[in-house]
Amino acid sequence: MGSFTSVVVGTDGSASSLRAVDRAASLAKDAGATLHLVSAYAPLSQRDRERAAEELGARGYLGDGSDVAEGVLRVAADRAASAGADRVERHALPGSPVDVLIEAARDNAADLLVVGNRGLNSLSGRILGSVPQDVAHKATCDVLIVHTTD
């Protein structure tokens, strides 16, 4: 058994975030850990939900903000399985990416939180902060920032 039992990784479906998923899945496989795939989304306002129901009729539920996150998680779960992770859980959660990742790490007793480095070297990241930077400051578990950008 490895040193990690619960690994959380964030993904937004981008190529960069899927590289972080690949790395987290490999680590989870090697450690025999549960891999928690996490995707944050902005929930629709009541007005937007009503508009979606009006425009989409019976398919109005398709407009919920969690639907995109669920699709992202399906793709990430397939990648994680291809990388050998056999215990994978998916979490689509409303909120900002940083808050959602910190919450997921806490709620799933994560010993490792994995994020990609996208945003760390950008001007806006240096001025406003970035997901990897903010997660590294706020997490109460180990954080692995995977080099995922070209």
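Observations
- Residue satisfying all of: in segment 57-85; modelled with pLDDT under 95 and acidic (Asp, Glu); nearest to Leu18 (Cα to Cα) among these: Glu70
- Within segment 1-44, the residues that satisfy the criterion of being of a type in the set (Val, Ile, Thr) and in contact with a His (Cβ under 8 Å, 6 or more places away or on another chain) are Val7, Val8, Val9, Val38.
- Only residues that are assigned to a helix (DSSP H, G or I) and over 11 Å from Ser6 (Cα atoms) were counted across segment 30-43, and they come to 1.
- Residue ID - modelled with the lowest pLDDT, chosen from residues in segment 86-109 that are in a loop (DSSP other than H, G, I, E, B) and more than 16 Å from Ala69 (Cα to Cα): Asp86
The values are calculated or read from the model by the stated rules, or taken from the named source; none is laboratory data. Keep in mind it's a predicted model, so treat the numbers as computed, not measured. Backbone-built Cβ (ideal geometry, glycine too); neighbour counts: all protein chains shown.
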